[in-house]
Amino acid sequence: NLDNYLNDNQDILKSLLGDNIQLTIRCPKDVNIEVDVTDFFQIITNLAKNSREAMTGSGHFEIEVGIAQFNQQKSSEDENDVAYISLKDDGPGIPKEQIDSIFNPFYSTKEAVSGVGLGLASVYSCVTRNNGWIEVNSSEGVGTEFLLYFENLEVFVEQQNSLSSNTSPDLGSYKVLY
């Protein structure tokens, strides 16, 4: 599950963020998503790296996981539980006029020598490739929050646990259940 994955990779994230940025992880034990492990690692490390580069001096980077109601059809009968992963920092924020461009390949707010502008484009690609979606909230001088949404697989896990022992799992899948 996500709790185990994030705790197992906490040292890597702390190392990536450096000594001056405090890492907080809040994740309940019952949130499960289906996502490619390499893609998920790229998502969280790219967002952590971007936060580190945006913050000057010290700061705070927080990962919070939970369940939210998502309503595609705008009708209470069609609500689905989705897992969300919030990754936020207290850096300088992203100017409003740049928000619509940040996921474009080769777009960068950094100096030409410090980045090629593929980090957030890669994050967007990894999220959508795994049937998720991403939103960004940012306020200049306050910080930035990236919200990732994936289908909550609690029902899937319960169904898998109830399968008979005679059923062989499909070993051809490239997805890893967290």
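The values are calculated or read from the model by the stated rules, or taken from the named source; none is laboratory data. All figures in this text were calculated on a predicted structure; none of them were measured in a lab. FYI the Cβ positions are ideal-geometry reconstructions off the backbone, even for glycines, and counts take in every protein chain you see.
Checking every residue in region 35-45 against the condition of being among the hydrophobic types (A, V, I, L, M, F, W, C), over 18 Å from GLU135 (Cα atoms) and surrounded by fewer than 15 Cβ atoms within 10 Å (Cβ to Cβ) gives at least one match. The sole residue among GLU145, GLU151, GLU111, GLU135 that is at pLDDT 60 or above, farther than 18 Å from THR45 by Cα and of a type outside the set (S, T, N, Q) is GLU151. Restricting the first member to region 20-33 and to residues that are loosely packed, with under 12 Cβ neighbours inside 10 Å, and the second to residues that are in a loop (DSSP other than H, G, I, E, B), the beta-carbon pairs closer than 6 Å and six or more apart or on different chains are ASN20/SER58. Of all residues in region 14-28, those that are within 16 Å of SER86 (Cα to Cα), in a loop (DSSP other than H, G, I, E, B) and not hydrophobic (A, V, I, L, M, F, W, C) total 1. The single condition from (1) modelled with pLDDT of 90 or more; (2) within 21 Å of PHE61 (Cα to Cα) that SER125 fails is (2). For region 56-81, filtered to residues that are at pLDDT 90 or above and more than 22 Å from LEU153 (Cβ to Cβ), the residue that is farthest from the chain's Cα centre (by Cα) is SER58.
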